[in-house]
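See structure below.
The values are calculated or read from the model by the stated rules, or taken from the named source; none is laboratory data. Computed from a predicted structure; not experimentally measured. As a convention, Cβ positions derive from the backbone with ideal geometry for all residues, glycine included, and neighbour counts pool all protein chains shown.
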Amino acid sequence: MSRWLGYALIIFGAALRFLPHAPNFAPITAIAVFGGAYLSRRSAFVLPLSAMLVSDYFIGFYNPAVMASVYLSFAISGLLGVWLRTRKNIANTLGVTLFASVQFYLLTNFAVWAFGTLYPKTAAGLLSSYINALPFFRNTLLGDVFYVGALFGIFELVKYLVLLKQRSTPLLSSPIMPTVIPTGDVPEGHRSTEGTTSGEEPKKGV
């Protein structure tokens with residue numbers, strides 16, 4: 001089941017990058033966190049990176065260093081999901097989601113400043129890189145919260161419904177057994193003559 005769910009998440013993550021959406025409002029971080037929290041540890045890295053590679057192949061590759069920073073940030077999100085695996089609750093899940101969004105913003109925009117040509121290699125240039133990226137950070141944060149909530153919520157709901165069905169199935173399928181009263185405990189005048197098996201005829205009254 002986890003293998004097919006993993007394939008579905010890769011297709012889901014890659015497909016949504018082709019559909020119209022706000023910049024950085026994407027499910028890749030959520031897939032990384034979800035894979036680490038619910039699937040195998042390997043899934044925390046394979047799922048998001050596969051979805052990115054597949055979609056980047058068609059959309060187009062870009063500055064290798066900046067691209068590496070994006071992929072590294074998703075790997076970090078996968079590690080956060082692995083940490084969350086045995087600590088799942090609403091507060092921890094929200095905290096991990098926010099941390100994943102912040103580290104993506106800090107890491108990738110540092111790479112844009114350090115390896116790109118848009119900003120001068122000065123403190124002011126780095127500050128400009130982060131300031132200009134704030135609208136994208138807002139979308140990143142909203143997208144991560146939305147998709148983490150959707151993936152975790154749907155998965156937990158399905159688990160609950162399956163468990164509920166498993167608990168109710170034995171009650172619905174149990175056969176109803178008739179109540180059997182031993183013949184010897186029934187008064188003589190109330191015994192049925194239909195159950196005679198010894199070949200004797202029922203006694204007639206005198």
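Here are some notes:
- Taking the stretch 43-61 as the range and being farther than 18 Å from residue 152 by Cα and in a helix (DSSP H, G or I) as the test, the residues that pass are 46, 49, 50, 51, 52, 53, 54, 55, 56, 57, 58, 59.
- Candidate set from the stretch 4-32 (those that are of a type in the set (Val, Ile, Thr) and in contact with a Pro (Cβ under 9 Å, 6 or more places away or on another chain)); member that is farthest from residue 138 (Cα to Cα): 10
- Residue tally, condition of a type in the set (A, V, I, L, M, F, W, C), over 22 Å from residue 102 (Cα atoms) and buried (at least 16 other Cβ atoms within 10 Å of the Cβ), over the stretch 39-56: 2
- Residues in the stretch 62-110 that are in a loop (DSSP other than H, G, I, E, B), within 20 Å of residue 42 (Cβ to Cβ) and touching a residue at least 12 places away in the same chain (Cβ under 8 Å): 85, 88.
- Residue 59 being in contact with a helix residue (DSSP H, G or I) (Cβ under 8 Å, 6 or more places away or on another chain), of a type outside the set (Ser, Thr, Tyr) and in contact (Cβ under 8 Å) with a residue 12 or more places away in the chain: no
- Residue within the stretch 88-101 that is modelled with pLDDT of 90 or more, of a type in the set (Gly, Ala, Ser) and buried (at least 17 other Cβ atoms within 10 Å of the Cβ) present: yes
- Restricting attention to the stretch 18-33, the residues that are under 10 Å from residue 144 (Cα atoms) and assigned to a loop (DSSP other than H, G, I, E, B) total 4.
- Residue 36 being small (Gly, Ala, Ser) and buried (at least 17 other Cβ atoms within 10 Å of the Cβ): yes
- Of all residues in the stretch 168-186, one or more are modelled with pLDDT under 60 and either within 22 Å of residue 105 (Cβ to Cβ) or among the charged types (D, E, K, R) (or both).
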